[in-house]
1. I'd like to compare 276-287, 188-199, 127-138: which one has the highest average count of other Cβ atoms within 10 Å, and what's the full order after that?
2. Using the Karplus curve 6.51 cos²θ - 1.76 cosθ + 1.60 with θ = phi - 60°, work out ³J(HN,Hα) for each residue of segment 252-263 in order, rounded to whole Hz, and write x for Gly and Pro.
3. May I ask you to work out the translational diffusion coefficient for segment 224-367 at 37 °C, viscosity 0.692 mPa s, via Stokes-Einstein with Rh from the Kirkwood sum over Cα pairs, reported in whole µm²/s?
4. Roughly how many percent of the accessible protein surface of the chain is carbon and sulfur, given a 1.4 Å probe and a whole-percent answer?
5. Normalized C-alpha radius of gyration of the chain, against 2.2 N^0.38 Å?
6. Which whole-number value in Å² is the accessible area per residue of the chain, probe 1.4 Å?
7. Using just the C-alpha positions of segment 43-139 as equal point scatterers, what log10 of I(q)/I(0) does the Debye formula give at each q in 0.24 1/Å?
8. From the backbone phi of segment 174-181, what are the Karplus-calculated ³J(HN,Hα) couplings (6.51 cos²θ - 1.76 cosθ + 1.60, θ = phi - 60°) in whole Hz, Gly and Pro given as x?
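The values are calculated or read from the model by the stated rules, or taken from the named source; none is laboratory data. Since this is a predicted model, take the numbers as computed values, not measurements. Methodologically, a virtual Cβ is constructed for each residue, glycine included, from the backbone with ideal geometry; neighbour enumeration extends over all protein chains shown. To get the accessible areas, we keep the full protein, side chains included, count just its heavy atoms, and leave off ligands, DNA and RNA. Shrake-Rupley method; radii C 1.70, N 1.55, O 1.52, S 1.80 Å.
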Amino acid sequence: MAKVTVSVIKADVGGWCGHSNMHPDLIEIADELLEEAKEKGIIKDYFVAWCGDDLDLIMTHTKGVNNPEVHKLAWDVFNKCTERAKELKLYGAGQDLLVDTFSGNVKGMGPGVAEMEFEERKSEPIIVFVADKTAPSAWNYPLYKMFADPFNTSGLVIDPSMRPGFTFEILDVKKNKMIKLNAPEDLYDILLLIGASSRFIIKRVYRRKDNEIAAVASVEKVNMIAGHYVGKDDPVLIVRCQSGFPAVGEALEPFTYSHLVEGWMRGSHYGPLMPVSLEQATPSRFDGPPRVVALGFQIANGELIGPVDFFEDVAFDRVRQKCNEVADYIRRHGPFEPHRLPLEEMEYTTLPQVLERLKDKWVEVEE
Ligand code: F6R
Ligand code: MG
Ligand code: MG
């Protein structure tokens, strides 16, 4: 059987209202265009998801990762949605489409991408996580818990096929280099790197038993691509589950703790990551707090059977409550660190302009 590819390609092409929410017209347009593409055989199946002002195209096909036809399809969908966003004067219409013409691959052009190709198992459960008002570094903590922490994933102790552990592919975003480290023996080195999550970001996870792909995240840094701040690249993540991968419940368990992530207002603050349903994916308080939605699918001969909107579950009520408490607490810092990001993390904001304005006012310290 041909391998199946799952491609999740996302962009913010306009917010309703401000940067808070997705206008239904954009979802409808994306649905229509992807339905057409399905009929033409470009893709096998699709689901149009969203989180805050981000439109997330979840697609399956048999064309492999980085396929120009699939990337062009996503690019065309985002452009058509942008046209409607401009008519409605939605906020930041087309904000993530950084170039005028498509050239083979959406990478470097603004949208975020997570893709994986694999042989469909007898039963193939996956979870697609989509987030808003945060950055790809937000996945470091949950991916570590899912694939390396036996206190989260009991399968690491109990399931013999998970016992050899998992390989983490980690990107150094400052040096643009990549390293592969193995859990469990490299655990401390993995933590040394991914704990510095503004610089080191997990891109992929592989199962060591057979080198099967287990997880892939989007790591495009929109702000770095453009050379100036144009919006944090709200990330997506695909995780394969069960039978030698983390169980669905083990992949969801890390989100019962609302760890602090970078993002929130103006992409310049730390705030707690709140797991929510699609319906609740509407960051409004101080443009947040940062949100994450988890959509479960069974893949059946390339078709997406789902979604199951996991964080609808009352089992996540308590973490949402906690998240609001943490938000109350950390917001009181106002423009002070550690609520506000350190200066070097804000180098793509307007801050350099402020420092430039003050530059002639500095005097030497007299003893
Ligand atoms: C963060 C985000 C928002 C905006 C904020 C200011 O990712 O999208 O918090 O940064 O609403 O937006 P502008 O500068 O467009 O008024
Ligand atoms: Mg926006
Ligand atoms: Mg967004």
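1. The peptides rank, most packed first, as 127-138, 276-287, 188-199.
2. Ordered by residue, 3J(HN,Hα) equals 8, 4, x, 7, 7, 10, 8, 5, 7, 10, 7, x Hz.
3. 184
4. Details: 8690 of 16690 Å².
So the carbon and sulfur contribution to the accessible surface is 52 percent.
5. For the chain, the normalised Cα radius of gyration is 0.98.
6. 45
7. -1.53
8. Once θ is set to phi - 60°, the couplings for segment 174-181 become 6, 9, 6, 10, 10, 9, 10, 10 Hz.
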